[in-house]
1. Under 20 Å between alpha carbons, and skipping anything fewer than 8 positions from residue 110 in its own chain: which lysines qualify?
2. What list of ³J(HN,Hα) values in whole Hz, one per residue of the stretch 379-392 in order, does the Karplus curve 6.51 cos²θ - 1.76 cosθ + 1.60 (θ = phi - 60°) give from phi, with Gly and Pro shown as x?
3. Between their Cα atoms, which of 84/186; 186/360; 170/224 are more than 23 Å away from each other?
4. Students often check this: by mean Cβ neighbours within 10 Å, which of 138-144, 334-340 ranks highest, and how do the rest follow?
5. P(r) for the stretch 150-295, please, calculated from all Cα pair distances in 5 Å bins and given in %.
6. Taking the Cα centre as origin and putting +1 on Lys and Arg beta-carbons and -1 on Asp and Glu beta-carbons, what dipole magnitude results for the stretch 154-306, to the nearest 20 debye?
7. If you put +1 on each Lys and Arg Cβ and -1 on each Asp and Glu Cβ, how big is the dipole of the stretch 93-213 around its Cα centre, in Debye rounded to 20?
8. Can you compute the charge dipole magnitude of the stretch 195-257 about its Cα centre, using +1 on each Lys and Arg Cβ and -1 on each Asp and Glu Cβ, nothing else charged? Give it in debye, rounded to the nearest 20.
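The values are calculated or read from the model by the stated rules, or taken from the named source; none is laboratory data. Given the structure is predicted, the values throughout are model-derived calculations rather than measurements. No Cβ is skipped: glycine too gets one built from the backbone with ideal geometry, and neighbour counts run over all protein chains shown. SASA here: full protein model, heavy atoms, side chains in, ligands and nucleic acids out. Shrake-Rupley method; radii C 1.70, N 1.55, O 1.52, S 1.80 Å.
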Amino acid sequence: MLSSDVGFVDLAHRSLGHRLSRSDRAARTGRPANVWGSSAPGRAAFRSPKRPPQTPNRSPSSSGRPTLALPMRQQQLTGQLKEKLKENLPERFAQRRRSFAGFDMDFIQKSVFEVSDEERADTYEQMWATGGFELWLANYQDVLLDEHANRTMYDFWRNKVHQRVTDPVKAEKLAPKDPPHPFGTKRPSLEQNFYDVVNQENVDILDVNKDPIERITPTGVHTKSGPREFDILVFATGFDANRGGITSIDIRGTNDQLLSHKWSERLDTFIRLATAGFPNLMFVYGPQSPAGFCNGPTCAEVQGEIVVDFLTHVRDGGYQRFETSEDAEQSRTAHVEEVFHMSLFPRAKSWYHGANIPGKPSQMFNYSGGLPSYFDHWEENVAAGYKAFTLS
């Protein structure tokens, strides 16, 4: 998000906009542009599945901390490939509910250091060739827990980026020798041709940690080292994840309390489905759910089924009101934090725990214990007669 210490001047004649609305226009017009942001929205500003890599006349990308992007391996699906993807679908669908992240893949039940260097390198190469999130969520089980195990993955990733980016200065900015954060502790973005675009002569990488943007001007931006001119500024700065969508709605609970006010300094939920003071309200794919580490359709489907089953119980029991308690939700929040601090995730400033939004509470907004653990906690509540809720 934009920092409050970045100055603005009269921008009446400037072209400004969020990545979703402006980046494609910049590519079509050939006007000099700056993409402000290095995570998934920033990567997407350089990606077009319908056209070869192309950028405006001069396109600097402002990078605060490099995102550890993984290969997307996007491709056209032929008839033969479609049939192959349909093989064993029932088994693969069932596996989604047993796996950590709701995919038809899961972590390797071994430590990085239980295998030889050669076997580990072969495994990394196979996952790299496959692409997608395997390197993140189907890797060795201690990659996100142990710093030394994590470093083996980071060094492998860095070597791949340096092989791909031809300019060593750009390569070091995007994949520095010392990790900007442990691998996978910020959500890796997927890239199709980002590093190909970076190789173009008309693309620069600006490290705003060393040369911060001080103000936006009528002709571009002014950094610590001086002015930089361009016509279009694309804000690829991300979102208020997990919390922003629901708190932007005027939801009021008992005593006319706004949900946004309740969650302004601390966010508590029970099983990421309900919050005290807001009876007859349930939400899915929201704060403290597994959503940040989960296959979206699986997570939404699973939580949706839980909601349906619970509301069926409420209806069949003749109840008209349900509400969770502060004790129940605070207990679950404590568990979310406990699991979070058992991992390497606290080592990165990320939207997982609100670090991208000034003033947002610093706490874990995503459940990092995995989908099976999430199921277990809900089943415990069901087996105890929905003790976390008061029904009337």
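1. Within the straight-line cut-off, residue 110 pairs with nothing.
2. 5, 4, 5, 5, 4, 8, x, 6, 5, 6, 10, 9, 10, 8
3. Details: 84/186 32 Å; 186/360 17 Å; 170/224 19 Å.
Correct reply: 84/186.
4. Details: 138-144: 21.7, 334-340: 15.9.
Most protected by this proxy first, the peptides run 138-144, 334-340.
5. For the stretch 150-295, the pair-distance distribution reads 2, 7, 12, 13, 12, 11, 12, 11, 10, 7, 3, 1, 0.
6. On the way: 17 positive and 20 negative charges, 74 e Å.
Dipole of the stretch 154-306, to the nearest 20 debye: 360 debye.
7. On the way: 15 positive and 22 negative charges, 92 e Å.
That gives a dipole near 440 debye.
8. On the way: 6 positive and 11 negative charges, 59 e Å.
About 280 debye.
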